[in-house]
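Scroll down for the structure; my scribbles are underneath it.
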Amino acid sequence: MFRRTFALIAANAAVGAAVVLGAAPATAAPADTAAPAAMAAVTITYDDSYAAEFKDAVAQGVAIWNQSVTNVRIVKAAVGTRANVRVIADNNWPRATLGPVRPGGSGTVWMGRQAVQQGYNVVRIAAHEFGHILGLPDRRTGLCSDLMSGSSAPTSCANAKPSAAEASQVQRNYATTLTQAPTREIILVDAA
Ligand SMILES: [Zn+2]
């Protein structure tokens with residue numbers, strides 16, 4: 001009995017390793033080796049109706065994520081449909097719901113003008129806040145090469161791309177096509 005249990009654990013470990021390998025960007029492997037079920041992208045939608053002057057920056061931040069990961073796609077919600085993510089401009093610090101937000105779930109990005117007025121790059125802010133939506137916490141490393149270092153990087157930092165580690169974490173967050181389970185909402189505030 002013990003031996004049989006052990007074999008089952010070993011098999012699960014092998015599955016876990018395969019999921020990690022599957023998290024590599026699609027460009028790293030020929031398309032015909034991809035497992036269709038595991039690679040199906042999750043799609044979440046956003047509404048920028050209240051994003052005011054930040055609509056272009058939000059579109060650029062979203063495009064960067066869509067270029068950086070394959071397990072999740074972020075698309076604009078069709079007019080009249082309920083979006084998973086609302087993007088709202090206001091005069092406070094930027095902040096966002098901590099995801100991963102999934103189909104059926106919801107989150108909010110606030111494009112706070114306070115960080116823009118302090119000189120932080122607006123596309124980087126948008127990509128950072130969507131990083132929270134995709135399940136990444138803040139990591140105040142001070143490095144411009146890290147997207148989730150946020151305001152711990154200098155205001156001169158214009159990098160809006162996730163690091164390889166950050167992109168891999170999002171790939172793992174969306175490795176399955178589960179729908180959203182109801183959870184308590186956590187909002188991360190990005191004050192400098
Ligand atoms: Zn943050």
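None of the figures in this text is laboratory data; all of them are computed from the coordinates on show. Keep in mind the model is a prediction, meaning the values are calculated, not measured. Cβ placement follows ideal geometry from the backbone for every residue including glycine, while neighbour counts extend to all protein chains displayed.
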Exercise for review: Could I get the Rg over Rh figure for segment 72-192? Both from C-alpha atoms, Rh via Kirkwood, rounded to two places.
Suggested key: 0.96
Exercise for review: Diagonalise the Cα gyration tensor of segment 79-132 and give the resulting equivalent ellipsoid semi-axes, square root of 5 times each eigenvalue, largest first, whole Å.
Suggested key: 22, 12, 9
Check your understanding: When the dipole is taken about the Cα centre of segment 110-177, and only Lys, Arg (+1) and Asp, Glu (-1) are charged at their Cβ, what size is it in debye, to the nearest 20?
Key -> 40
Check your understanding: Which is farthest toward the positive dipole end of segment 40-189 among Leu188, Gly142, Tyr50, measuring Cα position about the Cα centre, with Cβ charges +1 (Lys, Arg) and -1 (Asp, Glu)?
Key -> Leu188
